[in-house]
Amino acid sequence: MKKIIIDTDPGHDDALAIMLAVKSGMFDIKAITTVAGNSSIENTTRNARFVLKLLNREDIPVYSGSDRPLKRELIKAVVHGNSGLEGLDPENEPNLSGDAVEKILHIIKKNLGEITLVTLGPLTNIAKAILKDRDNMLNLKEIVIMGGAIKVPGNKNRVAEFNMFVDPEAADIVFRFPIKKTLIPLDACNNVRLFKKDFQKIENENLRIPVISMIEPYIKNIAEEEGVDGALMYDPLTVYYLINPDCCRKRDYDIVIETEGEHTCGMTVAELRLKKSVSNNITVVEEIPEGKFKEDFIRFLSMS
Ligand code: BDR
Ligand code: CA
């Protein structure tokens, strides 16, 4: 079983990603660490705990982390609603521990070279961990990051994807960090969408009922905000990459993060010129087959 830490800001698609990671049975989830992004740290932590309760997996520890980006005010997402999980709007206690960065470092130290860090939100906690104990962070096996827009438009400004846009300084630190990194950007995610009729096929009603309740506002908000039909599956696709990496098309790139541009802040700027780049710093997943993902996603969530 792959040992992972999921750093996340639930978020409808984060919630679905946690469900996929747990139900696939393929991961030893050492912790879920939370970050402010789609909603406040109180809400993202509350939502993470709520999802684990739905899954009957409250044994997985949740550690809360940063309540704002490194240098900026938090700009929350719109499509997930005020609670971050519109449609379910959990009211359980968030129980903020505030120690996500320390716990990430501690878990890495106890599992040298074995931990894959899966990031589904702004990279604030990860950048802080690098700033705090760089040598220890080099003991990670890999970082798998949901974010960025390489050859497609952004979803937050014209060119930037939300997770990069919210904390570009943190993204900059992580992209410069010399360790194996894989990116699942909008390029791979935009072509995979699920509809209510897909979620209705989930056989396990303990998940089907809450998933349908939250997916309806998510789909409605995406249509209103982004003019797109269907539920975008950014974060579940990121987990799916680890489940079935061989079905994904990928390529190495040299990417830097724009931290200043008036119109381009948060852009993942790739070296696309013809001359060969000598400094590729990240593997980019360019395509994930929609049919295979859908089939496996529904199959795993159907398991009782
Ligand atoms: C990313 O932004 C968030 O709203 C989603 O949860 C996902 O992680 C997509 O741009
Ligand atoms: Ca997210």
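The figures follow:
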read-out: Residues that are more than 16 Å from ligand 2 (Cβ to nearest atom) and under 25 Å from residue 216 (Cβ atoms), drawn from segment 1-23; value: 22, 23
read-out: Helices (runs of 4 or more DSSP H) contained entirely in segment 77-191, each with at least 2 residues that are away from ligand 1 (no atom under 14 Å from the Cβ); value: 100-110, 124-132, 134-137, 168-176
read-out: Residue check for residue 276: under 21 Å from residue 151 (Cα atoms), surrounded by fewer than 17 Cβ atoms within 10 Å (Cβ to Cβ), without any contact (Cβ under 8 Å) to a residue 12 or more places away in the chain and out of contact with any Phe, Trp or Tyr (no Cβ under 7 Å at 6 or more places or on another chain); value: yes
read-out: Only listed residue being over 16 Å from residue 5 (Cα atoms) and either at pLDDT 95 or above or among the acidic types (Asp, Glu) (or both), chosen from 95, 125; value: 95
read-out: Any hit, segment 203-215, residues being closer than 25 Å to residue 287 by Cα, assigned to a helix (DSSP H, G or I) and of a type in the set (Gly, Ala, Ser); value: no
read-out: Residues that are in contact with an Asp or Glu (Cβ under 9 Å, 6 or more places away or on another chain) and more than 14 Å from ligand 1 (Cβ to nearest atom), drawn from segment 4-16; value: 4
read-out: Verdict on residue 58 being touching a residue at least 12 places away in the same chain (Cβ under 8 Å) and open to solvent by 60 Å² or more (accessible area, probe 1.4 Å); value: no
read-out: Filtered residues of segment 249-273 (kept if in contact (Cβ under 8 Å) with a residue 40 or more places away in the chain, closer than 15 Å to residue 176 by Cα and not in a loop (DSSP other than H, G, I, E, B)); value: 253, 255, 256, 257, 268, 270
read-out: Count of residues meeting criterion [in contact with a strand residue (DSSP E or B) (Cβ under 9 Å, 6 or more places away or on another chain) and either open to solvent by 50 Å² or more (accessible area, probe 1.4 Å) or within 19 Å of residue 185 (Cα to Cα) (or both)] in segment 207-235; value: 10
read-out: Subset of segment 17-35 (residues that are within 12 Å of ligand 1 (Cβ to nearest atom) and either over 17 Å from residue 303 (Cβ atoms) or surrounded by fewer than 24 Cβ atoms within 10 Å (Cβ to Cβ) (or both)); value: 35
read-out: Residue that is farthest from residue 94 (Cα to Cα), among those in segment 1-35 that are among the β-branched types (Val, Ile, Thr) and in a helix (DSSP H, G or I); value: 22
read-out: Leading residue by the ranking (nearest to residue 89 (Cα to Cα)) among those in segment 39-51 that are open to solvent by 10 Å² or more (accessible area, probe 1.4 Å) and polar (S, T, N, Q); value: 43
read-out: Matching entry among 66, 39 (being among the polar types (S, T, N, Q), in a loop (DSSP other than H, G, I, E, B) and either within 11 Å of ligand 1 (Cβ to nearest atom) or in contact with a His (Cβ under 8 Å, 6 or more places away or on another chain) (or both)); value: 39
read-out: Subset of segment 265-304 [closer than 21 Å to residue 13 by Cα and of a type in the set (Lys, Arg)]; value: 292, 294, 299
read-out: Boolean, residue 14 is charged (D, E, K, R), within 24 Å of residue 143 (Cα to Cα) and crowded, with 23+ Cβ neighbours inside 10 Å; value: yes
read-out: Enumeration of residues in segment 266-304 that are small (Gly, Ala, Ser) and under 18 Å from the mean Cα position of the chain (by Cα); value: 266
read-out: Residues (under 26 Å from residue 115 (Cβ atoms) and open to solvent by 10 Å² or more (accessible area, probe 1.4 Å)) located in segment 160-180; value: 162, 169, 172, 173, 176, 178, 179, 180
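The values are calculated or read from the model by the stated rules, or taken from the named source; none is laboratory data. Fair warning: this is a prediction, and the values are worked out from it, not measured in the lab. Cβ coordinates were reconstructed from backbone atoms using ideal geometry, including for glycine residues, and neighbour counts include every protein chain displayed. For the accessible areas, the whole protein counts, side chains as well, though only heavy atoms, and no ligand, DNA or RNA atoms are used. Shrake-Rupley method; radii C 1.70, N 1.55, O 1.52, S 1.80 Å.
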